[in-house]
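A short write-up of the structure that comes next.
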Amino acid sequence: MAQAARGGGTTWSYSKVVTPGSYAYSSMTVLPDKSIGLLYEGESGQILFTRFNLDWIKNT
């Protein structure tokens, strides 16, 4: 699940499921084009990468 906070991060204003199911060992970073990169371990142990932006999280 990707989440974004407003107002100093006291509450999660937005959230969106990236991949249904469970995953582990995730790491996120802001990429040079200002998108968000997410590297994570999927349910069957594969290493996955996806990218998205804040608009994607906000549009539920």
Q) HN-Hα J couplings of the range 32-45 from phi, Karplus 6.51/-1.76/1.60, θ = phi - 60°, integer Hz, Gly and Pro as x? A) x, 7, 6, 7, 10, x, 10, 10, 7, 8, x, 4, 9, x
(Q) Please list Y23, Y14 from largest to smallest accessible area, probe radius 1.4 Å, with all protein chains kept in place. (A) Y23, Y14
Q: Per residue of the range 47-53, in order, report the coupling 6.51 cos²θ - 1.76 cosθ + 1.60 (Karplus, θ = phi - 60°) as ³J(HN,Hα) in whole Hz, putting x for Gly and Pro.
A: 8, 10, 9, 9, 9, 7, 10
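The values are calculated or read from the model by the stated rules, or taken from the named source; none is laboratory data. Because the structure is a prediction, the values reported are computed rather than measured. When the accessible area is computed, the model is the full protein with side chains, heavy atoms only, and any ligands, DNA or RNA have been set aside. Shrake-Rupley method; radii C 1.70, N 1.55, O 1.52, S 1.80 Å.
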